[in-house]
Amino acid sequence: MDALTRIGFIGLGHMGAPMAANLRRAGFDLVVHDARRSAAAGVEATGAGWADSPREVGERAEVVITMLPTPGVVESVLLGPAGLLGPAGLLGPDGLLGGLPPGGVWVDMSTSTPAVAERVRTLATPLGISVLDAPVAGMVTGAAAGTLQIYVGGEADTYRRVLPVLRAMGDPVRILHVGPHGCGYVVKLLVNLLWFAQLVATAEVLTVGVKAGVALGTLLESLLASPARGNLLEHDLLPLLTDGDYDESFAMALACKDLGLAVDLARASGVPVELSAVVEQVFRRARAAYGDQAGEMSPVRLYEDLARIPLRLEHR
(Lines give C-alpha, C1' and ligand atoms only; values in the text may rest on other atoms or scores of the structure.)
Protein backbone atom coordinates (compact mmCIF):
# COMPACT_ATOMS: atom_id res chain seq x y z
CA MET A 1 0.00 0.00 0.00
CA ASP A 2 1.33 3.45 -0.92
CA ALA A 3 2.50 5.72 1.87
CA LEU A 4 -0.03 8.30 3.03
CA THR A 5 1.19 11.82 2.35
CA ARG A 6 -1.87 14.10 2.11
CA ILE A 7 -3.09 14.89 5.63
CA GLY A 8 -5.97 17.04 6.82
CA PHE A 9 -6.13 18.56 10.30
CA ILE A 10 -9.18 20.14 11.93
CA GLY A 11 -8.90 21.91 15.29
CA LEU A 12 -5.93 24.24 15.79
CA GLY A 13 -6.15 25.05 19.49
CA HIS A 14 -3.42 24.88 22.13
CA MET A 15 -2.74 21.21 21.30
CA GLY A 16 -3.79 20.99 17.67
CA ALA A 17 -1.66 23.82 16.30
CA PRO A 18 1.72 22.39 17.40
CA MET A 19 0.63 18.88 16.39
CA ALA A 20 -0.17 20.14 12.89
CA ALA A 21 3.13 21.99 12.74
CA ASN A 22 4.97 18.75 13.52
CA LEU A 23 3.24 17.05 10.59
CA ARG A 24 4.60 19.76 8.32
CA ARG A 25 8.08 19.34 9.78
CA ALA A 26 7.86 15.64 8.98
CA GLY A 27 7.21 16.51 5.34
CA PHE A 28 3.51 15.75 5.00
CA ASP A 29 1.32 17.76 2.66
CA LEU A 30 -1.17 19.39 5.01
CA VAL A 31 -4.52 21.13 4.69
CA VAL A 32 -6.13 22.60 7.81
CA HIS A 33 -9.39 24.04 9.09
CA ASP A 34 -10.53 25.67 12.32
CA ALA A 35 -13.57 27.62 13.43
CA ARG A 36 -11.22 30.63 13.62
CA ARG A 37 -9.16 31.35 10.51
CA SER A 38 -6.63 33.21 12.67
CA ALA A 39 -5.77 29.98 14.49
CA ALA A 40 -4.24 28.64 11.29
CA ALA A 41 -1.77 31.50 10.77
CA GLY A 42 1.21 29.75 12.33
CA VAL A 43 0.83 26.46 10.50
CA GLU A 44 -0.05 28.20 7.22
CA ALA A 45 3.29 29.99 7.51
CA THR A 46 4.97 26.55 7.34
CA GLY A 47 3.30 25.79 4.02
CA ALA A 48 0.01 24.20 5.06
CA GLY A 49 -3.06 24.93 2.96
CA TRP A 50 -6.37 26.29 4.24
CA ALA A 51 -9.81 24.75 3.66
CA ASP A 52 -13.04 26.65 4.19
CA SER A 53 -14.97 23.69 5.63
CA PRO A 54 -14.45 20.22 7.10
CA ARG A 55 -15.88 18.77 3.89
CA GLU A 56 -13.19 20.51 1.84
CA VAL A 57 -10.51 19.10 4.14
CA GLY A 58 -11.83 15.62 3.38
CA GLU A 59 -11.85 16.26 -0.35
CA ARG A 60 -8.16 17.23 -0.28
CA ALA A 61 -6.73 14.58 2.07
CA GLU A 62 -6.23 10.84 2.49
CA VAL A 63 -6.19 10.97 6.30
CA VAL A 64 -8.01 13.61 8.33
CA ILE A 65 -7.18 14.23 11.99
CA THR A 66 -9.57 16.01 14.32
CA MET A 67 -8.48 17.61 17.60
CA LEU A 68 -11.62 19.17 19.05
CA PRO A 69 -12.86 20.29 22.47
CA THR A 70 -16.06 18.29 23.04
CA PRO A 71 -17.91 15.22 21.70
CA GLY A 72 -20.65 17.52 20.38
CA VAL A 73 -18.16 19.50 18.30
CA VAL A 74 -16.64 16.25 17.00
CA GLU A 75 -20.05 15.07 15.83
CA SER A 76 -20.87 18.43 14.26
CA VAL A 77 -17.60 18.53 12.32
CA LEU A 78 -18.04 14.98 11.03
CA LEU A 79 -21.71 15.21 10.09
CA GLY A 80 -22.13 18.91 9.52
CA PRO A 81 -24.53 20.98 11.65
CA ALA A 82 -27.56 19.75 9.70
CA GLY A 83 -26.58 16.17 10.52
CA LEU A 84 -27.23 16.85 14.20
CA LEU A 85 -30.73 18.16 13.55
CA GLY A 86 -32.12 15.65 11.08
CA PRO A 87 -32.79 11.93 11.28
CA ALA A 88 -30.00 9.43 11.90
CA GLY A 89 -27.86 9.12 8.83
CA LEU A 90 -28.36 12.66 7.52
CA LEU A 91 -25.11 14.36 6.52
CA GLY A 92 -24.92 18.14 6.39
CA PRO A 93 -23.39 19.82 3.33
CA ASP A 94 -20.19 20.88 5.10
CA GLY A 95 -19.45 17.76 7.18
CA LEU A 96 -16.16 15.93 6.90
CA LEU A 97 -17.79 12.60 6.04
CA GLY A 98 -19.32 14.19 2.96
CA GLY A 99 -15.84 14.96 1.63
CA LEU A 100 -13.66 12.00 2.56
CA PRO A 101 -13.39 9.53 -0.36
CA PRO A 102 -13.66 5.72 -0.10
CA GLY A 103 -10.39 4.48 1.36
CA GLY A 104 -9.96 7.63 3.45
CA VAL A 105 -9.24 7.51 7.19
CA TRP A 106 -10.65 9.65 9.98
CA VAL A 107 -8.43 9.77 13.09
CA ASP A 108 -10.04 11.50 16.06
CA MET A 109 -7.40 12.63 18.56
CA SER A 110 -9.92 14.49 20.73
CA THR A 111 -10.91 13.36 24.20
CA SER A 112 -14.37 12.10 23.30
CA THR A 113 -16.64 9.12 23.96
CA PRO A 114 -17.13 5.71 22.37
CA ALA A 115 -20.81 6.53 21.83
CA VAL A 116 -20.08 9.44 19.47
CA ALA A 117 -17.49 7.43 17.57
CA GLU A 118 -19.91 4.55 17.15
CA ARG A 119 -22.64 6.82 15.76
CA VAL A 120 -20.23 8.32 13.25
CA ARG A 121 -18.67 4.96 12.39
CA THR A 122 -22.04 3.48 11.43
CA LEU A 123 -22.20 6.18 8.75
CA ALA A 124 -18.52 6.08 7.76
CA THR A 125 -18.18 2.32 7.23
CA PRO A 126 -20.71 2.03 4.38
CA LEU A 127 -18.87 4.91 2.68
CA GLY A 128 -15.60 2.95 2.75
CA ILE A 129 -14.05 5.29 5.35
CA SER A 130 -11.92 3.80 8.13
CA VAL A 131 -12.08 5.23 11.65
CA LEU A 132 -9.61 5.35 14.53
CA ASP A 133 -9.91 6.96 17.95
CA ALA A 134 -6.45 8.15 19.01
CA PRO A 135 -6.62 10.63 21.89
CA VAL A 136 -3.40 11.99 23.33
CA ALA A 137 -1.73 12.84 26.63
CA GLY A 138 1.37 14.90 27.30
CA MET A 139 0.20 18.51 27.63
CA VAL A 140 1.09 21.38 25.30
CA THR A 141 4.79 20.82 25.92
CA GLY A 142 4.49 17.29 24.51
CA ALA A 143 2.45 18.53 21.56
CA ALA A 144 5.16 21.07 20.70
CA ALA A 145 8.01 18.60 21.17
CA GLY A 146 6.29 15.79 19.25
CA THR A 147 6.47 13.48 22.27
CA LEU A 148 2.77 12.89 22.95
CA GLN A 149 1.42 9.61 24.26
CA ILE A 150 -1.22 8.31 21.85
CA TYR A 151 -3.84 5.65 22.67
CA VAL A 152 -5.33 4.14 19.53
CA GLY A 153 -8.59 2.21 19.23
CA GLY A 154 -9.64 0.56 15.98
CA GLU A 155 -8.64 -2.06 13.45
CA ALA A 156 -4.99 -3.11 13.54
CA ASP A 157 -4.55 -2.75 9.77
CA THR A 158 -5.75 0.85 9.84
CA TYR A 159 -3.52 1.55 12.84
CA ARG A 160 -0.47 0.25 11.00
CA ARG A 161 -1.40 2.27 7.94
CA VAL A 162 -1.43 5.59 9.80
CA LEU A 163 1.43 4.84 12.21
CA PRO A 164 3.96 6.98 10.28
CA VAL A 165 1.56 9.91 10.63
CA LEU A 166 1.15 9.33 14.37
CA ARG A 167 4.93 9.08 14.83
CA ALA A 168 5.27 12.63 13.54
CA MET A 169 3.32 13.82 16.59
CA GLY A 170 4.07 11.28 19.32
CA ASP A 171 6.80 9.38 21.11
CA PRO A 172 7.17 6.15 19.08
CA VAL A 173 7.49 3.97 22.19
CA ARG A 174 4.31 5.48 23.70
CA ILE A 175 2.02 5.15 20.70
CA LEU A 176 -0.13 2.23 21.78
CA HIS A 177 -2.80 0.24 19.99
CA VAL A 178 -5.09 -0.41 22.95
CA GLY A 179 -7.91 -2.41 21.36
CA PRO A 180 -10.94 -2.12 19.08
CA HIS A 181 -12.97 1.00 18.34
CA GLY A 182 -13.62 3.13 21.42
CA CYS A 183 -10.80 1.71 23.54
CA GLY A 184 -8.56 4.70 22.84
CA TYR A 185 -11.21 7.03 24.25
CA VAL A 186 -11.67 4.82 27.31
CA VAL A 187 -7.95 4.65 28.10
CA LYS A 188 -7.53 8.43 27.69
CA LEU A 189 -10.48 9.20 29.96
CA LEU A 190 -9.06 6.89 32.62
CA VAL A 191 -5.56 8.38 32.30
CA ASN A 192 -7.07 11.81 32.88
CA LEU A 193 -9.24 10.58 35.74
CA LEU A 194 -6.27 9.09 37.58
CA TRP A 195 -4.13 12.21 37.00
CA PHE A 196 -6.88 14.50 38.28
CA ALA A 197 -7.36 12.31 41.36
CA GLN A 198 -3.62 12.37 42.02
CA LEU A 199 -3.62 16.16 41.70
CA VAL A 200 -6.34 16.58 44.31
CA ALA A 201 -4.71 14.09 46.69
CA THR A 202 -1.32 15.78 46.25
CA ALA A 203 -2.81 19.21 46.91
CA GLU A 204 -4.28 17.93 50.17
CA VAL A 205 -1.03 16.26 51.24
CA LEU A 206 1.17 19.28 50.52
CA THR A 207 -1.22 21.71 52.18
CA VAL A 208 -1.60 19.62 55.31
CA GLY A 209 2.16 19.06 55.58
CA VAL A 210 3.09 22.73 55.19
CA LYS A 211 0.28 23.83 57.53
CA ALA A 212 1.59 21.34 60.10
CA GLY A 213 5.05 22.89 59.98
CA VAL A 214 7.10 20.94 57.42
CA ALA A 215 8.97 23.05 54.88
CA LEU A 216 7.56 22.50 51.38
CA GLY A 217 10.95 21.62 49.90
CA THR A 218 11.59 19.06 52.63
CA LEU A 219 8.14 17.54 52.23
CA LEU A 220 8.53 17.30 48.47
CA GLU A 221 11.96 15.72 48.80
CA SER A 222 10.56 13.19 51.27
CA LEU A 223 7.67 12.26 49.01
CA LEU A 224 9.99 11.84 46.04
CA ALA A 225 12.13 9.47 48.11
CA SER A 226 9.07 7.41 49.06
CA PRO A 227 6.79 4.89 47.29
CA ALA A 228 4.47 7.85 46.60
CA ARG A 229 6.90 9.20 44.00
CA GLY A 230 5.36 9.77 40.58
CA ASN A 231 5.45 11.85 37.43
CA LEU A 232 3.02 14.43 38.78
CA LEU A 233 5.16 15.13 41.84
CA GLU A 234 8.45 14.91 39.98
CA HIS A 235 7.56 16.92 36.86
CA ASP A 236 4.01 18.17 36.29
CA LEU A 237 3.62 20.07 39.55
CA LEU A 238 6.99 21.86 39.52
CA PRO A 239 5.95 24.88 37.39
CA LEU A 240 3.20 25.58 39.95
CA LEU A 241 5.43 25.10 42.98
CA THR A 242 8.22 27.25 41.55
CA ASP A 243 6.40 29.93 39.55
CA GLY A 244 2.70 29.73 40.42
CA ASP A 245 1.83 28.34 36.97
CA TYR A 246 -1.59 26.64 37.15
CA ASP A 247 -1.27 25.54 33.48
CA GLU A 248 -3.76 27.73 31.64
CA SER A 249 -2.97 25.84 28.42
CA PHE A 250 -5.66 23.39 29.58
CA ALA A 251 -8.70 25.18 30.95
CA MET A 252 -10.88 24.16 33.86
CA ALA A 253 -13.88 23.98 31.53
CA LEU A 254 -12.15 21.20 29.57
CA ALA A 255 -10.89 19.45 32.71
CA CYS A 256 -14.44 19.35 34.11
CA LYS A 257 -15.72 18.11 30.76
CA ASP A 258 -13.22 15.23 30.80
CA LEU A 259 -14.06 14.34 34.40
CA GLY A 260 -17.76 14.34 33.60
CA LEU A 261 -17.18 12.02 30.66
CA ALA A 262 -15.10 9.66 32.82
CA VAL A 263 -17.73 9.51 35.56
CA ASP A 264 -20.45 8.97 32.94
CA LEU A 265 -18.38 6.14 31.47
CA ALA A 266 -18.14 4.51 34.89
CA ARG A 267 -21.88 4.87 35.36
CA ALA A 268 -22.56 3.31 31.95
CA SER A 269 -20.18 0.46 32.86
CA GLY A 270 -22.03 -0.20 36.10
CA VAL A 271 -19.04 0.61 38.32
CA PRO A 272 -19.59 2.81 41.41
CA VAL A 273 -16.83 5.45 41.60
CA GLU A 274 -17.31 7.41 44.81
CA LEU A 275 -13.76 8.80 44.88
CA SER A 276 -13.95 9.93 41.25
CA ALA A 277 -17.23 11.70 41.94
CA VAL A 278 -15.61 13.64 44.80
CA VAL A 279 -12.66 14.58 42.59
CA GLU A 280 -15.09 15.85 39.96
CA GLN A 281 -16.82 18.02 42.55
CA VAL A 282 -13.48 19.50 43.72
CA PHE A 283 -12.71 20.45 40.12
CA ARG A 284 -16.16 21.94 39.63
CA ARG A 285 -15.72 23.96 42.81
CA ALA A 286 -12.40 25.30 41.48
CA ARG A 287 -14.07 26.15 38.18
CA ALA A 288 -16.81 28.07 40.01
CA ALA A 289 -14.21 29.92 42.09
CA TYR A 290 -11.70 30.82 39.39
CA GLY A 291 -13.56 30.65 36.08
CA ASP A 292 -13.79 28.48 32.97
CA GLN A 293 -10.40 29.55 31.63
CA ALA A 294 -8.45 29.01 34.86
CA GLY A 295 -5.64 26.47 34.60
CA GLU A 296 -6.23 22.76 35.15
CA MET A 297 -4.19 22.83 38.39
CA SER A 298 -6.53 25.35 39.99
CA PRO A 299 -7.77 22.74 42.51
CA VAL A 300 -4.38 23.23 44.21
CA ARG A 301 -5.24 26.91 44.51
CA LEU A 302 -8.43 25.96 46.38
CA TYR A 303 -6.37 24.35 49.12
CA GLU A 304 -3.86 27.21 49.14
CA ASP A 305 -6.68 29.70 49.64
CA LEU A 306 -8.39 27.61 52.30
CA ALA A 307 -5.15 27.25 54.28
CA ARG A 308 -3.91 30.75 53.37
CA ILE A 309 -0.57 29.22 52.43
CA PRO A 310 0.92 29.55 48.94
CA LEU A 311 2.66 26.31 48.00
CA ARG A 312 5.89 27.75 46.60
CA LEU A 313 9.41 26.44 46.67
CA GLU A 314 12.15 28.91 47.50
CA HIS A 315 14.19 29.92 44.45
CA ARG A 316 17.84 29.02 44.84
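The values are calculated or read from the model by the stated rules, or taken from the named source; none is laboratory data. These figures come from a predicted structure and were not determined experimentally. Don't worry about glycine lacking a Cβ; one is built from the backbone with ideal geometry, like all the others, and counts go over all protein chains shown.
Considering 46, 70, which residue is over 16 Å from residue 5 (Cβ atoms) and surrounded by fewer than 24 Cβ atoms within 10 Å (Cβ to Cβ)? Before the answer, list the steps.
On the way: 46 fails: over 16 Å from residue 5 (Cβ atoms).
Step by step, each of 46, 70 is checked, and only 70 is over 16 Å from residue 5 (Cβ atoms) and surrounded by fewer than 24 Cβ atoms within 10 Å (Cβ to Cβ).
Would you mind stating whether residue 241 is over 16 Å from residue 194 (Cβ atoms), touching a residue at least 24 places away in the same chain (Cβ under 8 Å) and either aliphatic (A, V, I, L, M) or assigned to a helix (DSSP H, G or I) (or both)?
The answer is yes for residue 241.
Limited to segment 152-198, what total is found for residues that are within 26 Å of residue 219 (Cβ to Cβ), crowded, with 20+ Cβ neighbours inside 10 Å and out of contact with any helix residue (DSSP H, G or I) (no Cβ under 6 Å at 6 or more places or on another chain)?
0
For segment 172-193, check the following and say yes or no: at least one residue is on the phi > 0 side of the Ramachandran plot, more than 15 Å from the chain's Cα centre (by Cα) and without any contact (Cβ under 8 Å) to a residue 60 or more places away in the chain. Even if it seems obvious, please write down each step before you answer.
Going residue by residue through segment 172-193, those that are on the phi > 0 side of the Ramachandran plot are 179, 182.
Adding the requirement that they be more than 15 Å from the chain's Cα centre (by Cα) leaves 179.
After this cut, where a residue has to be without any contact (Cβ under 8 Å) to a residue 60 or more places away in the chain as well, the list is 179.
Yes.
To keep it simple, each residue is scored yes or no on (1) in a loop (DSSP other than H, G, I, E, B); (2) among the aromatic types (Phe, Trp, Tyr); (3) modelled with pLDDT of 95 or more.
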{"residue": "12", "(1), (2), (3)": "yes, no, yes"}
{"residue": "19", "(1), (2), (3)": "no, no, yes"}
{"residue": "22", "(1), (2), (3)": "no, no, yes"}
{"residue": "30", "(1), (2), (3)": "no, no, yes"}
{"residue": "46", "(1), (2), (3)": "yes, no, no"}
{"residue": "57", "(1), (2), (3)": "no, no, yes"}
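Within the group 202, 158, 147, which residue is in contact with a Ser or Thr (Cβ under 6 Å, 6 or more places away or on another chain) and β-branched (Val, Ile, Thr)?
Just a single option satisfies the conditions, and that option is 158.
Could you tell me how many of the residues in segment 95-124 are closer than 30 Å to residue 263 by Cβ and without any contact (Cβ under 8 Å) to a residue 60 or more places away in the chain?
12
Within segment 1-10, take every residue that is out of contact with any Ser or Thr (no Cβ under 7 Å at 6 or more places or on another chain) and part of a strand (DSSP E or B) and give me the one that is surrounded by the fewest Cβ atoms within 10 Å (Cβ to Cβ).
Filtering segment 1-10 for residues that are out of contact with any Ser or Thr (no Cβ under 7 Å at 6 or more places or on another chain) and part of a strand (DSSP E or B), the one surrounded by the fewest Cβ atoms within 10 Å (Cβ to Cβ) comes out as 6.
Taking the options 181, 177, name whichever one is assigned to a loop (DSSP other than H, G, I, E, B) and not acidic (Asp, Glu).
Going through 181, 177 in turn, just one is assigned to a loop (DSSP other than H, G, I, E, B) and not acidic (Asp, Glu): 181.
If you check 302, 237, 232, 311, which single one turns out to be surrounded by 18 or more Cβ atoms within 10 Å (Cβ to Cβ) and under 18 Å from residue 139 (Cα atoms)?
Exactly one residue qualifies, and that residue is 237.
The conditions are (1) in a helix (DSSP H, G or I); (2) within 16 Å of the chain's Cα centre (by Cα), and residue 249 fails exactly one of them. Which is it?
Condition (1) is where residue 249 drops out.
Can you tell me which residues in segment 209-229 are touching a residue at least 12 places away in the same chain (Cβ under 8 Å) and either under 21 Å from residue 141 (Cβ atoms) or among the β-branched types (Val, Ile, Thr) (or both)?
Scanning segment 209-229 gives 210, 220.
Can you find even one residue in segment 212-231 that is in contact with a strand residue (DSSP E or B) (Cβ under 7 Å, 6 or more places away or on another chain) and either assigned to a loop (DSSP other than H, G, I, E, B) or modelled with pLDDT of 95 or more (or both)?
no
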